[in-house]
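The values are calculated or read from the model by the stated rules, or taken from the named source; none is laboratory data. Predicted model, so just to flag it, every value in this text is computed and none were measured. Note that each Cβ is placed from the backbone with ideal geometry, even for glycine, and that neighbours are counted across all protein chains shown. SASA here: full protein model, heavy atoms, side chains in, ligands and nucleic acids out. Shrake-Rupley method; radii C 1.70, N 1.55, O 1.52, S 1.80 Å.
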Amino acid sequence: METAPVDSAFVSVQVNGESYEREVDARRLLVHFIRDDLDLTGTHVGCDTGNCGACTILLDGEAVKSCMLLAIQADGAEITTVEGLTHDGELTALQQAFSDRHALQCGYCTPGMLISATYLLEHNEAPTEAEIRKAIQGNICRCTGYVNIVEAIQAAASGEVKRD
Amino acid sequence: MLLREVEYARPASVDDAIRLLSEHPNARALAGGQTLVNVMKARAAAPDILVDLNRLDDLRSVGVTPDGGLELGAMATYTQLVGSPEVHSTRPIVAEVASQIADVQVRNRGTIGGNVCSADPTNHFLPLMVALDATMTIAGVDGQRTVPAEQFFLGVYFTAAGPGELLTRITIPPARRGDGFAAVPIGADGTCIVNAAATLEEGGARIAIGCVAATPVRATEMESVLSGADVSDERISEAARGLGASLDPPSDVHASADYRRHLAEVCAVRAVRHAAGRS
Amino acid sequence: MTETTVAPERTETEAPQRGYIGVNVPRKEDKRLVQGEGLFVDDVKRHGMAYVHFVRSPYAHARIASVDVSKAEALDGVYGTLTGDEVAELTDPFFQIAPPPGGHVKDYALAVGRVRHVGEPVVAVAARTRELARDAADLVEVEYEPLDPIVDPERAADPDAPQLHDDVPSNTIWNGHFDYGDYDGALAAADKVIRIKRLHFDRFSSTPLETSGAVVEYNRGTGQWTLHCNNQFPGFAIIMMAPALRTGMDKLRFVSQDVGGGFGNKICTHPQLVALCLLSRKLKRACQWTEWRTEQHMANSHGNERVFLDVEVPVTDDGLMLGFKARMIDDCGAYTRYEPLGCIIWAQVTPGAYRWRNVRVEFTQVCTNKSPCGPNRGYSRMQHLWFTERVMDVVADELKLDRVAVRKKNYIRADEMPYETPNGCIYDSGDYALCLDKALELVDYESIEERRREAESRGKLLGVGIGSTLDSGTNNFGQATLVNPELQYSVNNEVASVKLDIFGEIVVTLGTTPQGQGHETTAAQIVADILGVTPDDVNVRPGHDSYWNSHAGFSGTYASQFAVTGLGAVKGATEMLADQIRTLAGAVLGGVPPEQIELAEGFARIKGNPEAALPFMACGAIVNANNAVLPLELRDITLNCRYVYVPPHQLPDKERKYGNLTLTYATQIHACVVEVDEETGSYEIVDYGAVDDCGVRINPQIVEGQVHGATAQALGAATHETFAYDEQGNLLTPNFYDYHVPHALDMPPLKTGYIESPSPFTPLGAKGMGEGGGAGLSAVCSALQDALRPVGRPIVYDSCNPYWRVWEMLRDPAKTRENVEVETR
Ligand SMILES: Cc1cc2nc3c(=O)[nH]c(=O)nc-3n(C[C@H](O)[C@H](O)[C@H](O)COP(=O)(O)OP(=O)(O)OC[C@H]3O[C@@H](n4cnc5c(N)ncnc54)[C@H](O)[C@@H]3O)c2cc1C
Ligand code: FES
Ligand code: FES
């Protein structure tokens, strides 16, 4: 990428293993790029100040809030969104546990919550309840009071997930 | 909400970044973006050019200085600080405080440089840098200079790193007797209502209070009372008496000025106790 | 007690059926939602769609001198704008529920001539991208002439207060007198009278994580609008919008699939929807709008703020409270969108959980220059129940009575159910004292004194509190006539259709607009039991479409009623279908009477002879595609059954403001333990027990989820969530930094318990329960007052207690005590 200032650029990213290239305005937020330009609408927007975490994705393996990044900054990055968690149609242990334990109601926070939880379990296989709460402190849920979310993450970590 | 039109540049080197910042009067450095992008969304700031520092690996280093202090690249993220063996072996308070900021996602992007350069009076690192007596290295087209933390913070969102300049490094002296930090946030982990940091040295203390003025305030009276070796709980409490009255903090929806005065004393005491290993 | 009303007719409730009722069937909704494949409103896209941004007022109160959109329209990529002047010409003001004077409020889709709260939409701008719409909004030039705002509800009716609406003098929307039992007699009989000068319930909202939004398309050929939106009560929105737009109801088609939380806050979006209708017609393209978080905080419906003044409680020496008297001022903000219904809805729970027989209330609703209020989880009852619980604690504490004993003495008893309240409401069932015992057990109440001492040794003040609330569900809309006798509303209704299709597919269509309550799942459970299949075999259409013909005037998801009205309709429709299948199968299987046919495993078969069976697929095929097989006399069998559930309500007595206002009363008795840091006033909820009773639990996991969620919202509202304004009417908490909602680290572990007191009045013995009554709010206030007792016995008189308020109580407890007075007779 050129050093000189640009007001738009071609951005290529790998999202959930697929390559995309799009021209974007410098000002476009990554979350809008993902939702509107790539049509991956699983990643949500719940605030305009970076608090809610509904927009959480993995950017080169790191959990980040995609509403506080410009799309242009993601050039060359590998991104995982909620749509990329499932492999071959099979839910991950976390996704399954969220359903089993009723860890979602409206489901609006769920994509961001699942990404944060996935990130946690990648770094900590057996988190304590306190560690789980800390790991999702940046993901607001207005429906569940977090009770079942914490339980679901515990269940997924300990392998207590029933599968059909 | 949504940003105004803006240009974007990704400098290849620190020099390149400085050149871009100095050539364009309304250019801004983009660090973690965890403050800047939000401010731009609200259209409270509208730079013409964003100079993205994220790929300048030089600025990400975390190292120990020859005298056993810490040298932190401005772009070191909170997550880096939390996990850094160098930080833990020298001034672990830096990691401890970094881990209290916001949440994992913000810690993965937010930087210590951005934290101090955004100079939001409620930020965690402002009083801490003052208490630790950190030195800020600022680079511009005419070379670099250093500024002690206490002189770095000039006002709300306003620091000694002026237009066209870049904070490149923060240097923290070697460990003293102990460091401490205390805060009363909104809820378990919200914005600080008042915070305070303290370092106990041989024959002295450095105590700084945040959220009570545009910039961190040194509790000089309290420091002088604690200049001796006695840092018993009683002594600390006694030292804090009158601190609140010396302040002129703002009133807002989270606290009246009086409440902040009171919390300043409580937080100062707790930070010193923490530094004395007594919390 | 001389007055009586007729209790609703009892419905036969057999012992809860076996089968899927009471089973934690996994939710049908989850699979799509955990994969990010839900369809929320902002996910809907249309070709050439315009993005809309509202230019909003920076003033709480101002005259609009001029509006100039020329620069905005000239910007490349801008499709057009809509101004208040256009709105005033093209639409009529929204219908007002209030009689005069409140009925004189003129409310439009955009501000006309004057703005009345910060954030009020003034101009709408439509452009090719979200960003451009926002840019163009900056180019709209509005000249304002600021007026003095009125922010404080207690001053709104003052003679010198600025007036918001012409023809609404004293800013008084509604005023009514409620007098039940014999209050003067009660006062004369009292041994003690407790007076509380003022209690104050703060403004907040449940702030659903998904903000409001819509994509509106206009069909020029038919003059019909399709609104893909997350409005949660289309029945109400359509009634409001069609007359305003001067069109027919059927020209407004509401569609939604997944909704990211509603909590009542998505009921009153009709003004924005009308603006989008006008824009989509004007610009000949689909128009999409998604509210931003700060806009939701500034201008979406807030929960009502309420003050309780000159409260008086006559008590006998043994702690029996005979009733209460109070003057209540409710602040509905700048416009009446659902109001003044809140002025009567509290009366559903007039005596709270208590046997208070004599009540006198002077209720006034005023408007102020703040965001308009609307239903918010626990709407209007939560404020009132909080008041009853505060009264209970203040009286107990002042008279040095045991808080638990006093509650038990005053609670309505299980053996009195169904219980008629002094204003004619019938509490259907429940056992409050038993719930209280269980709640106290959950927080290990026995050990409290010990824990208090232990906390003290750490410099903490520990306190325990109780919240006893009711969630009244299945409204009798006839109560609207108690605020406006001219209204032609009564009872309630909900619709469902169930059909058996050609290939034997069972398809259920609901009239509701679920926002996370799992309607697809619980509906499937009911259908499965009746048709003898599994919930997996039942296809419940996700979401809502008012063109599905499964929609009635009161259709929607609000006011804790799905388990009664929604599932009542599903049950009715499914039973109709089952009858038809049995009749059909009987005929096809050789003239067997329908009673001899049983439905099981996807077959209609002869009882005792499972070999003689007709698969559902064959039934579906015969009726839908192979009519020659269908005997002539059975040609009215459609296997497509629509049923309207109507609860057994009657019109209340307008004169006496008397009658049964809701069908069911779910119970929440919660206990909470807090630890206050005496130095700072900050505090933590360290233990929490919630015992709920909603009658028969159809899906216990879903019920528990609602309890968790309602509790979290109550705890948020009790601790930090408040919409505070400065004197100029600026909102001080417009984002999640200043409006701190509970994070995972804020929430204590919640312990839950339950009892099941089946409702004798509902089809399944279930009660609505999603709203909760804000028990957590009361419990936290109660616990704080208990914790602070050793430092001067301060009185908690606000519903929201951020740390600064606790610190002020610690610092100057005497000041709060000026608020109470005990008179011994
Ligand atoms: C939800 C949320 C909660 C938060 N809570 C807290 C909290 O409790 N405590 C706290 O302390 N912080 C908090 N923050 C702020 C966070 O710590 C930010 O990361 C920090 O303030 C800014 O760092 P940044 O790297 O993101 O900088 P940016 O946002 O990129 O930049 C901030 C400002 O500093 C300037 N700048 C950045 N780096 C340099 C440099 N090297 N030289 C010159 N100028 C520079 C930028 O131009 C900009 O003006 C929170 C943020 C969020 C989103
Ligand atoms: S939308 Fe990104 S944090 Fe809320
Ligand atoms: S499930 Fe609705 S916000 Fe979390």
(message) Within 10 Å of each candidate Cβ there may be at most 14 other Cβ atoms; applying that plus a DSSP loop requirement, which trypsin sites (Lys or Arg not before Pro) in segment B:238-279 survive?
(response) B:Arg241, B:Arg278
(message) Taking 21 Å as the cut-off for C-alpha to C-alpha distance, list the pairs among C:Lys28/C:Lys571; A:Lys65/C:Lys28; C:Lys654/C:Lys767 that go past it.
(response) A:Lys65/C:Lys28; C:Lys654/C:Lys767
(message) Can you pull out the GluC sites (Glu not before Pro) in segment B:176-231 whose DSSP state is coil and whose Cβ has at most 12 other Cβ atoms within 10 Å?
(response) B:Glu202
(request) For chain C, report the accessible area per residue in Å² (1.4 Å probe, heavy atoms, rounded to an integer). (result) 32 Å²
(request) Count the net charge of all other residues whose Cβ sits under 13 Å from the Cβ of A:Val147, scoring Lys and Arg as +1 and Asp and Glu as -1. (result) -1
(request) Give the accessible surface of segment B:178-276 per residue, rounded to a whole number of Å², with probe radius 1.4 Å and ligands, DNA and RNA excluded. (result) 33 Å²
(message) Could you put C:Met49, C:Met298 in order of accessible surface area, largest first, with the 1.4 Å probe and the full protein assembly present?
(response) C:Met298, C:Met49
(request) Extending each Cα 7 Å along its Cβ direction at A:Glu18 and C:Ala189, get the distance between those two points in nm, one decimal. (result) 7.4 nm
(request) Note the buried accessible area between A and B here, summed over both chains, with a 1.4 Å probe, in Å² to the nearest 100. (result) 2800 Å²
(request) Scan chain C and hand back the longest stretch that contains none of the GluC sites (Glu not before Pro) lying in DSSP loops with at most 14 other Cβ atoms within 10 Å. (result) C:15-485
(request) Please calculate the 1.4 Å probe accessible area of C:Cys694, with all protein chains present, and give it to the nearest 10 Å². (result) 10 Å²
(request) Please turn the phi angles of segment C:120-136 into ³J(HN,Hα) values with the Karplus equation 6.51 cos²θ - 1.76 cosθ + 1.60 (θ = phi - 60°), one per residue in order, whole Hz, x for glycine and proline. (result) 5, x, 10, 9, 10, 10, 10, 8, 5, 10, 4, 5, 5, 4, 5, 4, 5
(request) Give me the distance between the Cα centres of segment C:650-672 and segment C:367-434, rounded to whole Å. (result) 11 Å
(request) Quick one: net charge around C:Tyr643, please, counting Lys, Arg +1 and Asp, Glu -1 for every other residue with C-beta under 13 Å from its C-beta. (result) 0
(request) Whenever you get a sec, compute what percent of the accessible area on segment B:7-52 sits on carbon and sulfur atoms (1.4 Å probe). (result) 48 percent
(request) Search the structure for amide H atoms under 5 Å from the amide H of C:Thr662, placed 1.01 Å from N in the peptide plane, and list their residues when 5 or more places away or on another chain. (result) C:Ile426, C:Asn476
(request) Compute the separation of the alpha-carbon centres of segment C:614-639 and segment A:121-163 and state it in Å as a whole number. (result) 51 Å
(message) Please list, by residue number, everything in segment A:39-67 whose backbone N is under 19 Å from a paramagnetic label point 7 Å out along Cα→Cβ of C:Arg32.
(response) A:39-45
(message) What is the percent carbon and sulfur in the accessible area of chain C, measuring with a 1.4 Å probe over the protein chains and ignoring ligands?
(response) 49 percent
(message) Full-extension gain between B:Arg145 and B:Ala46, please, as 0.36 nm times their residue separation minus the C-alpha to C-alpha distance.
(response) 32.9 nm
(message) Per residue, how large is the accessible surface of segment A:8-83? Use a 1.4 angstrom probe and give square angstrom.
(response) 27 Å²
(message) Apply the Karplus curve 6.51 cos²θ - 1.76 cosθ + 1.60, θ = phi - 60°, to the phi angles in segment C:281-295 and return the couplings in whole Hz, x for Gly and Pro.
(response) 6, 5, 8, 6, 7, 5, 10, 10, 9, 10, 5, 8, 3, 4, 5
(request) Anything losing 40 Å² or more of accessible area from the isolated chain to the full protein assembly: pick those residues out of segment C:201-225, probe 1.4 Å, ligands and DNA/RNA ignored. (result) C:Leu209
(request) Quick one: which residues, 5 or more positions from B:Gly178 or on another chain, have an amide H under 5 Å from its amide H? H modelled 1.01 Å from N in the peptide plane, none for Pro or chain starts. (result) B:Leu200
(request) Heads up, I need the accessible area for B:Asp248: 1.4 angstrom probe, whole protein in place, Å², nearest 10. (result) 130 Å²
(request) Compute for chains C and A the buried accessible surface, both sides summed, probe 1.4 Å, and express it in Å² to the nearest 100. (result) 4400 Å²
(request) Using a 1.4 angstrom probe on heavy atoms only, work out the carbon and sulfur share of the accessible area of segment B:57-172 in %. (result) 51 percent
(request) Using Cα positions and a limit of under 18 Å, work out the lysines in reach of C:Lys325, with same-chain residues fewer than 8 apart set aside. (result) C:Lys192, C:Lys197, C:Lys657
(request) For C:Lys607, list the aspartates and glutamates whose Cα falls under 16 Å from its own Cα; do not include residues on the same chain fewer than 8 positions away. (result) C:Asp579, C:Glu595, C:Glu598
(request) Just need the relative contact order of segment C:701-796 here, percent rounded to a whole number, with Cα pairs under 8 Å and 6+ apart. (result) 35 percent
(request) Please list, in chain and number order, the residues 5+ apart from C:Arg56 or on another chain whose amide H is under 5 Å from its amide H, with Hs placed from the backbone. (result) C:Val122
(message) Given R₀ = 22 Å, what would the calculated FRET efficiency be for C:Asp160 paired with B:Ala257, taking r from the Cβ atoms and rounding to 0.05?
(response) 0.15
(request) At 7 Å along the Cα-to-beta-carbon direction for both B:Ser13 and B:Asp233, put a label point, then send me their distance in nm to one decimal. (result) 5.8 nm
(request) Considering only protein heavy atoms, with the full assembly of protein chains and a 1.4 angstrom probe, order A:His87, C:His61, C:His177, B:His254 by accessible area, largest first. (result) A:His87, C:His177, B:His254, C:His61
(request) Could you state how much accessible area is buried at the C-B interface, both sides summed, with a 1.4 Å probe, in Å² to the nearest 100? (result) 2300 Å²
(message) Under 14 Å between alpha carbons, and skipping anything fewer than 8 positions from C:Lys284 in its own chain: which aspartates and glutamates qualify?
(response) C:Glu217
(message) Using DSSP to call loops (not H, G, I, E or B), can you name the GluC sites (Glu not before Pro) in segment B:1-89 whose Cβ has at most 15 other Cβ atoms within 10 angstrom?
(response) B:Glu5
(request) Please give the calculated 222 nm ellipticity per residue for the protein assembly as shown, where each DSSP H segment of at least 4 residues contributes -39500 (n - 2.57) and the sum is spread over every residue; nearest 500 deg cm²/dmol? (result) -8000 deg cm²/dmol
(request) Compare each residue of segment B:21-59 in its chain alone against the assembly with all protein chains, and report those whose accessible area goes down by 30 Å² or more; 1.4 Å probe, heavy atoms. (result) B:Gln34, B:Val37, B:Asn38, B:Lys41, B:Arg43, B:Arg55
(request) Would you calculate the separation in nanometres between label points at C:Glu633 and C:Glu89, each defined as 7 Å from the Cα along the Cα-to-beta-carbon direction? (result) 6.7 nm
(message) Could you tell me the center-to-center distance, by alpha carbons, between segment C:447-487 and segment C:163-188 in angstrom?
(response) 25 Å
(request) Work out from phi, with θ = phi - 60° and the Karplus expression 6.51 cos²θ - 1.76 cosθ + 1.60, the ³J(HN,Hα) of each residue of segment C:67-72, listed in order in whole Hz, and give x for Gly and Pro. (result) 10, 10, 9, 4, 5, 5
